[in-house]
Each structure stands twice: as C-alpha cells, then as structure tokens.
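Here the structure is laid out as structure tokens; the discussion comes afterwards.
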Amino acid sequence: MLLKPIRNENEYDKALEEVDRLMELNPVLGSKESDELEVLVLLIEKYEEQHWAISEPDPIEAIKIRMQQMNLKQKDLVPYIGNKSKVSELLNRKIALSLTMITNLASGLHLPLETLIQMPKRA
C-alpha cells in the first residue's frame, strides 16, 4: 500500500483494512510490514484526532460527572472547595475555581489538572 495522508472516510476505511491485514501477518518488529503498520497507525490516529476529536468537558461538568461516578453529594465537596455555599456557587457557575480548589479537586477526585484549568463554559 502506498503510504500517504488520509484525507477522507474512504481512505480511512482502506487504511483500517490494511491495518487488519498487516496485523494478521503478525510481522516481526523492524520488518517492512511492521514499519508499514506503525506508520499506518500514526496516519489513522492523526486523521481521527482531526475529524473525531472528543473535547474535554469543561471544569464544572467534569466535577459533576465525577460526583455522579463517585456517588457524591454537594456536601462531599466541602473539604475540597471550602463551605457549602461555595460548593453551590461553584456548581452553579457563580464563582470560579481558585488554584487551591483546583489542586484539592485534582488530588481528591482524581481529575486531570488540564481539565480543571480550562475556562468554564457559560451557563
């Protein structure tokens, strides 16, 4: 297969088929087939990033999602945010996350710092 950038869905599908074919061969690392497979996977990943990127939730949505996952109530966030009213104001987007809140939530709820430091969307 001629390796070239993937520009549309048809080329993407053909690249996936070629990956399947190469995987069936179980090529030896460093072989021509192995190198072709590696490059093809990189091209596919690049195409997927450009066309199907899934954006991170904004910080408030990420906190709410994690609360659902961990079965937490608003009161459970008090140790990370401050007091009940601050938790409520934060979740209702009336106040912004402070650096202390971000670090506390990242470590306490195991949320990525990159997610928490984004600008929140407007309600």
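Assorted remarks:
- Members of segment 46-64 found to be touching a residue at least 24 places away in the same chain (Cβ under 8 Å) and under 12 Å from the mean Cα position of the chain (by Cα), listed by number: GLU56, PRO57, ASP58, ALA62
- For segment 51-68, residues that are surrounded by fewer than 10 Cβ atoms within 10 Å (Cβ to Cβ) and of a type outside the set (A, V, I, L, M, F, W, C) total 2.
- Check on THR100, more than 15 Å from ALA62 (Cβ to Cβ) and β-branched (Val, Ile, Thr): yes
- The condition of being surrounded by fewer than 13 Cβ atoms within 10 Å (Cβ to Cβ), on the phi < 0 side of the Ramachandran plot and small (Gly, Ala, Ser) does not hold for ALA106.
- Of all residues in segment 72-94, those being hydroxyl-bearing (Ser, Thr, Tyr) and either under 14 Å from LEU109 (Cα atoms) or exposed (fewer than 14 other Cβ atoms within 10 Å of the Cβ) (or both) number 2.
- Selection within segment 109-123 - exposed (fewer than 15 other Cβ atoms within 10 Å of the Cβ) and outside any loop (DSSP other than H, G, I, E, B): LEU113, GLU114
- Among residues of segment 65-98 being among the basic types (Lys, Arg) and within 25 Å of the chain's Cα centre (by Cα), the one that is nearest to PRO5 (Cα to Cα) is ARG66.
- Taken together, the residues in segment 57-80 that are more than 13 Å from LEU116 (Cα to Cα) and of a type in the set (A, V, I, L, M) amount to 5.
- Checking each residue in segment 17-33 for being in contact (Cβ under 8 Å) with a residue 12 or more places away in the chain and exposed (fewer than 15 other Cβ atoms within 10 Å of the Cβ) picks out only MET23.
- Contact map, segment 72-99: first residue acidic (Asp, Glu), second residue surrounded by 12 or more Cβ atoms within 10 Å (Cβ to Cβ), Cβ cut-off under 7 Å, separation 6 or more or different chains; pairs are GLU89/ILE95.
Every number in this text was worked out from the coordinates using simple rules, so none of it is lab data. Every value quoted in this text rests on a predicted model; they were computed, and no experiment measured them. Cβ coordinates were reconstructed from backbone atoms using ideal geometry, including for glycine residues, and neighbour counts include every protein chain displayed.
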